[in-house]
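Structure first, commentary second.
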Amino acid sequence: MKIKNKFKDLNLFEKMLILSPVALFFSYLPNFFITKISGTNIELSIAIIYVFIMAGVGFVDIIKLKKQINIKNVILPTLFVIWNFTTLIWSENKLRTILTAGLWGTLLVIFITITLIDKTKRRLILERFTYIFLDVAFLMTVLSIIQVAYGAFWDIGLCKGCLARGFGFVRPSVFTIEPQFLGSLLLMPILVLIDRIINKPNKKDALYLFIIALSMYLTLSRGAIFALFVAILCYYLYILYKGKIKINKTVLPIFIIGCSFIFGILYHAFFTELNPRISDNAYESISKSINHLSLGKISLPKIEENKTKITSEKALFNGYVERSTDERTNMTNLGIETWLRDIKTSLFGVGSGGSGKAIFKTTHKTGNSFEIVQNEFISILLELGIIGFIIWITNIIFVIKKFRFNGLYLSILVAFMVQWLFFSGLPNALHIYIILMVFVGLKEKD
């Protein structure tokens with residue numbers, strides 16, 4: 001009853017902030033496509049619409065409380081947004097610059113509004129935001145598990161990279177555009193659950209961790225899984241170095257995640273065996289998964305096929321998909337090549353959101369001007385130049401400083417920074433910036 005009464009005391013923006021995790025998981029579907037022009041898909045998702053509305057509500061609060069704005073807290077992100085808009089002057093893709101800079105501006109309005117939230121409400125809002133994120137993540141991961149099951153028989157509602165004809169089993173994405181983005185959304189919930197189980201274990205958190213980690217494995221997203229392991233290592237080193245937790249208390253979360261990954265391997269194998277549309281069997285499924293996640297370094301011995309299926313059609317991939325890695329590294333290299341083409345580009349960039357068109361014009365090595373760099377660090381460097389990159393990285397350093405006494409928040413930031421090596425751009429990374437803004441804006445002193 002106390003929580004309900006306190007919730008009633010919150011204003012509209014604060015309530016929307018608490019409920020924002022629901023929208024973030026609808027980051028692509030349903031998709032309201034308008035048109036495609038200048039290297040940009042003009043389309044809206046529930047997440048984008050929700051963020052725009054929340055910023056509009058927040059802007060009203062800013063007008064009312066403008067005298068309370070602490071310039072010191074918002075100067076760096078404000079400079080970053082101003083620089084994004086400034087690049088419109090020399091941008092090679094002005095429409096995309098307007099849209100990208102506009103989205104950065106929208107996030108800035110939300111962040112400023114968060115910093116204006118009354119200090120007596122911040123703890124409640126942060127707790128509610130986290131609880132909602134965990135509950136929504138759990139529900140979405142249950143849906144992802146169901147996707148793997150029905151996807152063995154039907155392709156309805158599955159993205160192109162999710163289909164069972166790829167590996168013989170489905171890689172779920174639920175309402176995101178690709179499996180890696182579902183994996184990215186699950187990073188924060190998994191790390192929060194690890195922290196909670198270590199400090200105060202309970203059955204609900206253990207169940208949530210098992211199911212959400214299972215979904216993380218089912219995506220088979222190497223970037224998300226690698227980012228998770230690096231973040232877990234960072235978190236464990238932090239708490240052990242600080243001496244706050246005994247080693248024996250750290251075992252349970254790792255055991256749960258290990259069991260969920262093993263179950264995930266078997267779950268994929270089970271539905272590969274049941275899949276009537278491909279001839280791959282359970283053992284081949286396990287072999288492919290291990291080979292793919294190990295970047296082709298681990299190969300299980302081949303065994304003689306026992307043909308029990310009517311179809312003879314094999315899945316498209318036999319294991320590690322080297323092309324996927326090559327495409328990412330190639331776009332990163334092309335991004336660097338374009339950034340180095342002249343002094344002006346190196347200093348000022350090609351314009352916010354303009355990387356795809358600039359790479360195409362400079363190298364002629366991409367099929368069109370719609371490609372993205374696939375690396376947030378290089379993307380920022382190419383689009384905003386050294387000046388914009390310094391402003392952006394200074395913001396990240398500020399976040400590190402803010403989180404330096406909190407192992408959980410620091411590990412979440414590490415997870416996102418590692419995953420930034422594998423994808424880039426807005427709205428792809430929208431959830432990352434929302435999560436970081438909430439934690440930075442509402443975090444109390446340790």
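The values are calculated or read from the model by the stated rules, or taken from the named source; none is laboratory data. Since we're looking at a predicted model, the values are computed, not measured. Positions of Cβ are generated from backbone atoms using ideal geometry, with glycine treated the same way; all protein chains shown enter the neighbour counts. Calculation scope for accessible area: heavy atoms of the full protein, side chains included, ligands and nucleic acids excluded. Shrake-Rupley method; radii C 1.70, N 1.55, O 1.52, S 1.80 Å.
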Projected onto the charge dipole of the chain (unit charges on the beta-carbon of Lys, Arg, Asp and Glu, signs +1, +1, -1, -1), the Cα from P301, C162, I343 with the largest positive-side position is that of I343
No other cysteine beta carbon under 4.7 Å away is the test; run it over the chain and list who passes. C234, C259
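At 1.4 Å probe size, with every protein chain present, just tell me what the per residue accessible area of segment 287-439 comes to in Å².
On the way: 7300 Å² over 153 residues.
Roughly 48 Å² per residue, with all protein chains present.
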Residues in segment 132-164 near a label at F33, defined as backbone nitrogen under 19 Å from the 7 Å Cα→Cβ point? 155-163
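Pop the C-beta distance of I290 and T120 into the FRET formula with R0 = 45 Å and round what comes out to the nearest 0.05. Provide the component values of the computation, followed by the final result.
On the way: r = 51 Å, r/R0 = 1.14.
With a Förster radius of 45 Å, E is 0.30.
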For segment 99-205, I need the span (max minus min coordinate) of the C-alpha atoms along each principal axis, in Å, sorted largest to smallest. 52, 45, 17
How large are Rg and Dmax for segment 151-246 when calculated on the C-alpha trace, in angstrom? 15.7, 51
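Which number do you get for Rg(Cα) / (2.2 N^0.38 Å) in segment 236-362? Intermediate results must be reported in sequence, preceding the final value.
Numbers: Rg = 22.9 Å, N = 127, 2.2 N^0.38 = 13.9 Å.
Ratio of Rg to 2.2 N^0.38 Å for segment 236-362: 1.65.
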Take the chain, connect every pair of alpha-carbon atoms lying under 10 Å apart with a spring to form a Gaussian network, then pick out the residue of L316, L384, L95 with the largest mean-square fluctuation. L316
Using only the Cα atoms of segment 76-130, what do you get for the radius of gyration and for Dmax, in Å? 15.2, 46
Heavy-atom accessible surface of segment 390-446: percent carbon and sulfur, 1.4 Å: 69 percent
Of K357, K204, K288, which has the largest mean-square fluctuation in a 10 Å C-alpha GNM of the chain? K204
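Quote the charge dipole size of the chain about the Cα centre in Debye, to the nearest 20; the model charges only the Cβ of Lys and Arg (+1) and of Asp and Glu (-1). Working shown, then result.
On the way: 48 positive and 28 negative charges, 315 e Å.
Rounded to the nearest 20 debye, it is 1520 debye.
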Please work out how much length the chain gains when fully extended from Y241 to L65, using 0.36 nm per residue of separation minus the C-alpha to C-alpha distance, in nm with one decimal. 59.2 nm
In a Gaussian network model over the chain where Cα atoms closer than 10 Å are linked, find which of N199, N84, N93 has the largest mean-square fluctuation. N199
Give me the accessible area per residue for segment 170-281, probe 1.4 Å, as a whole number in Å². 40 Å²
Carbon-plus-sulfur fraction of the accessible area of segment 248-306, 1.4 Å probe, in percent? 70 percent
I'd like the distance separating the alpha-carbon centroids of segment 199-268 and segment 100-148, in whole Å. 22 Å
Options [x] 15, 34, 31, 16, 4; [y] 25, 60, 15, 0; [z] 24, 56, 20, 1 for P(r) over Cα pairs in 20 Å bins from 0, in percent; the value derived from the coordinates is listed as [z]
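Where a ≥ b ≥ c are the square roots of the eigenvalues of the C-alpha gyration tensor, would you call segment 307-446 rounded, which needs a/c under 1.5, or, failing that, prolate if a/b is larger than b/c, or oblate? Write down the numbers at each step before the final one.
Values: a/c = 2.95, a/b = 1.22, b/c = 2.42.
Cα axes put segment 307-446 in the oblate bin.
With contacts defined as alpha carbon pairs under 8 Å and 6 or more residues apart, what's the relative contact order of the chain in percent? All intermediate terms of the calculation are to be shown ahead of the outcome.
Values: 674 pairs, mean separation 85.9, N = 446.
RCO, the chain: 19 percent.
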In whole percent, and with a 1.4 Å probe on the protein chains, what portion of the accessible area of segment 147-241 is carbon and sulfur? 69 percent
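With a 1.4 Å probe and all protein chains left in place, how much accessible area per residue does segment 21-75 have, in Å²? Walk me through the numbers before you get to the answer.
Values: 3210 Å² over 55 residues.
Per residue, segment 21-75 has an accessible area of 58 Å².
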Computed magnitude of the charge dipole of segment 83-236 (debye, nearest 20; Cβ of K, R +1, Cβ of D, E -1): 240 debye
One finds, for I82 and R277 with R0 = 45 angstrom and r their Cβ-Cβ distance, a FRET efficiency to the nearest 0.05 of 0.25
Sorted by chain and number, the residues with a modelled amide H under 5 Å from that of I42, at a separation of 5 or more or across chains, are I34, T35, K36, I37
Show me, for segment 260-275, the HN-Hα J-couplings you get by feeding each phi into the Karplus relation (A = 6.51, B = -1.76, C = 1.60, θ = phi - 60°), rounded to Hz, glycine and proline as x. 5, 5, 4, 4, x, 4, 5, 5, 4, 5, 4, 7, 5, 5, 7, 4
Ratio Rg/Rh [Cα only; Rh per Kirkwood] for segment 50-103: 1.06
Taking the Cα atoms of segment 32-153 alone, what are Rg (to one decimal) and Dmax (as a whole number) in Å? 18.8, 59
Dipole of the chain [Lys/Arg +1, Asp/Glu -1 at C-beta], most positive-end residue of T272, I75, G258: I75
If packing is taken as the mean number of other Cβ atoms within 10 Å per residue, what is the order of 105-116, 186-197, 9-20, 289-300, highest first? 186-197, 105-116, 9-20, 289-300
Towards the positive end of the charge dipole of segment 20-153, with charges on Cβ (+1 Lys, Arg; -1 Asp, Glu), say which of I89, L29, G58 has the farthest Cα. G58
